[in-house]
Amino acid sequence: MKNSSQNRKLLMHADALHSALHEKLGIKKAVIALKLAREEPAAIDKYTDMNNICYMMAEVLEENKVFYTTLENHVCLLGCAATGLDPAISQMSDEQRADSAQFHTASINIFPTEEIQQRAEAQAAALFPTYSTVYKAVIVGRLGAVAEPDALILFATPEQVHLLTRAYCYATGNIIRGFAGMGVCRMLLPLACIDGEPAFSISDRAWRRAFGLAPDELTLVTPPEKLEVMIENLEQSW
């Protein structure tokens, strides 16, 4: 998990980060903050429905909510693997896994068959890091409303993502990777939360629909301290 002093510093400067993203880059959507929790938090409301994590997070943008979710709130296998609620997709019951697979094939056509969905997950398991901890809850809200977040989710144009990622590579020498094809949460959240590295995606269909993304909007997921690096080096790297 990330250095807590860095995350506290980020919360102190959340307004400044919002201003920089808006005024320097023209990013319009709010930034979503996500924190993985080993126990259910006492002072935050629990999500009361069942949904995909992307649609849960869309409620944060639409209604400025702050809440936490547990395994029982999730209908998507990918979201559970992506957030550490079910890292190896083994905590769900056989019935839950079957219902999720059926939902993603027959209902919303993410994959044409369960076999292809399993093939995609096998590739994801080999490509992306796996959580060593099973988390009890995921706290979701806007930047500034979630203490010590593990990951921030930004929606921006290709040029805006270019400027942010260019600033990061300029300052660190680290290459930022982009992914496409399956669930954005599955592809990007483990990289930010486990490896501590930013990544971006053109997004998948369900993700784009959930957030109402425009044709020219991408998704960038980054640990909080890495966003600070990007902002601090924008002018120098232009």
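A few remarks follow.
- Selection within region 35-60: residues that are in contact with a strand residue (DSSP E or B) (Cβ under 7 Å, 6 or more places away or on another chain) and closer than 16 Å to A151 by Cβ. The member of this set that is surrounded by the fewest Cβ atoms within 10 Å (Cβ to Cβ) is A37.
- Candidate set from region 124-139 (those that are modelled with pLDDT of 85 or more and not in a loop (DSSP other than H, G, I, E, B)); member that is nearest to G196 (Cα to Cα): L127
- With respect to the conditions (1) buried (at least 19 other Cβ atoms within 10 Å of the Cβ); (2) touching a residue at least 60 places away in the same chain (Cβ under 8 Å), E232 lacks only one, and its number is (1).
- In region 32-45, the residues that are more than 25 Å from L154 (Cα to Cα) reach residues that are small (G, A, S) with C-beta atoms within less than 8 angstrom, at least six apart or across chains, in these pairs: E39/A137; E40/A137.
- Residue that is touching a Ser or Thr at 6+ places or on another chain (Cβ under 7 Å), of a type in the set (F, W, Y), within 17 Å of L77 (Cα to Cα) and surrounded by fewer than 22 Cβ atoms within 10 Å (Cβ to Cβ), where the choices are F179, F128, F111: F111
- Residue that is farthest from I153 (Cα to Cα), among those in region 216-235 that are in a helix (DSSP H, G or I) and either in contact with a Phe, Trp or Tyr (Cβ under 7 Å, 6 or more places away or on another chain) or of a type in the set (D, E, K, R) (or both): E235
The values are calculated or read from the model by the stated rules, or taken from the named source; none is laboratory data. Keep in mind that this is a model prediction, so the values were computed, not measured. Positions of Cβ are backbone-derived with ideal geometry, glycine not excepted, and every protein chain shown enters the neighbour counts.
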